[in-house]
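So the structure is just underneath, and the comments pick up after that.
Derivation of every value follows stated rules applied to the coordinates shown; laboratory data play no part. Just so we're clear, the structure is a prediction, and the values are computed from it rather than from any experiment. When we count neighbours, we look across all protein chains shown, and the Cβ atoms used for this are built from the backbone with ideal geometry, even at glycine.
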Amino acid sequence: MNKRTKKLFLLLSLCLFYFLLSACLSKEEKAVKHAIEKEFNQIKSDDMQTIQNCIAAEELLPYYGDTEELEEDVASIFTLFYKDFNYKIEKISERENEASAKVTFSVIDAKKLAKDFSKTSLKKHIEQDAAPTGVEFSIHDSYLLLEKLLQKNHYKTKNITAKLSLVKEKESWKVLHNPSLQEALTGNFLSYVTDCNLLSPKEIVKTHFSSIKQFDAEQMKIYLALDTLFETEDTYNSSVAHAVASQISECFDFKILGEKKEDTEATVTASIVSVNFHSIMETYKEELSKWLETSESLAVGSEGRRQKEQEMLLSCIENNHNTISYDVEIHLINDGVNWKIQMNEKIAEAIFGNVQEELLY
């Protein structure tokens, strides 16, 4: 028997097996099977409302309970979440007006989606802190974020087996929805996304620093509140604040070195690279010293010298290419919602690149 014949024989054998299995079902078991198929075929629909006949929105969407109805522009979350959904009925048993069934659901990898959602949500909140206007990150924004993730990324599916319970009501079988079934149908997404330990401490730190690394000069100035360090109502100081922010934005980098965690406390060790303002000041002092020895410095007078000093300092900041690296321990506390970074002087100094010590004192 050649390979092609063997494959054909195997295929026919499998078809015969499923046919015989189906034939072995009693009339009531067939009715139970039909009820299960009718119920879960709704989820395979391309229509959001049809899916919601089987899945309650609050079982899938975080914070859904705070809104009265799902906005139309994010309704596609349901069809996107279940685009690869499938199921297989493994076993049916029936007795009088009650039945049970073992069903394996093929659902989206909800843990991976929840981690991506949590990281992106955290990033958006950090970006809000660097925005010129203090607009709150709304629930609707969270829905849009989840929708974009589902549109952009392809998530694998995972098999989850659940035991269903059914009851017979007026000659019709009805699937009973309980928490364990809802968890199976949603891949436990809501539990994952509300788990305070979903993201590890080092993932929290990495998300924070990755967000900062992408800031432009204006975002960096707002996020680090440089306006409070410099009197930015003054034109010159405003230029210095912008130059400092631009330098930090260009130089900032980091590397996670390690993590230690115990109960609700953790420490992440990181190497942070930022601008070397000590080097800037050394260059400035050297250039200024040389200029003060020239005849020009005597000719321009005290006001001219002051203006030249400001121009030289600003130029030294803008044209700097020197960085400095700090190894810091970042402490975090889990407040039951997430891991929170505990800011301190060491972290601030590493990010600011000792600007406070060099330029402000």
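Within the chain, which is the longest segment containing none of the trypsin sites (Lys or Arg not before Pro) that sit in a DSSP loop and have at most 16 other Cβ atoms within 10 Å? Answer from the scan: 171-361. Size descriptors for region 178-220, from the alpha-carbon set: Rg then Dmax equal 16.6, 52 Å.
Taking label positions 7 Å along the Cα-Cβ direction at both GLU28 and ASP129, the computed distance is 6.2 nm, reported to one decimal. Full extension of the chain segment joining LYS83 with HIS140 gains 18.3 nm, where the gain is 0.36 nm per residue of separation less the Cα-Cα distance.
For region 236-337, the list of GluC sites (Glu not before Pro) that fall in a loop by DSSP and count at most 15 other C-beta atoms within 10 angstrom reads GLU293. Could you tell me how many cubic angstrom of Cα convex hull volume region 156-268 has per residue? Given the Cα convex hull of region 156-268, per-residue volume reads 220 Å³. Which net charge results for the neighbourhood of GLN128, defined as the other residues with beta-carbon distances under 12 angstrom from its beta-carbon, given Lys and Arg at +1 and Asp and Glu at -1? Summing Lys and Arg as +1 and Asp and Glu as -1 gives -2.
Across the chain the C-alpha pair distances fall into 20 Å bins from zero in the proportions 22, 37, 24, 13, 4, 0 percent.
In region 65-190 the Cα-Cα distances spread across 10 Å bins starting at 0 as 11, 32, 29, 18, 8, 3, 0 percent of all pairs.
Kirkwood hydrodynamic radius of region 229-303, from the reciprocal of the average inverse Cα-Cα distance over all distinct pairs: 16.4 Å. Within region 109-201, the GluC sites (Glu not before Pro) that combine a DSSP coil assignment with at most 11 other C-beta atoms in a 10 angstrom radius are GLU136, GLU171.
Computed FRET efficiency, Cβ-Cβ of ALA299 and ALA225, R0 51 Å: what is it to the nearest 0.05? Once the sixth-power term is evaluated, E becomes 0.80. Rounded to the nearest 10 degrees, the inclination of helix 110-129 to the longest alpha-carbon principal axis of the chain is 30 degrees.
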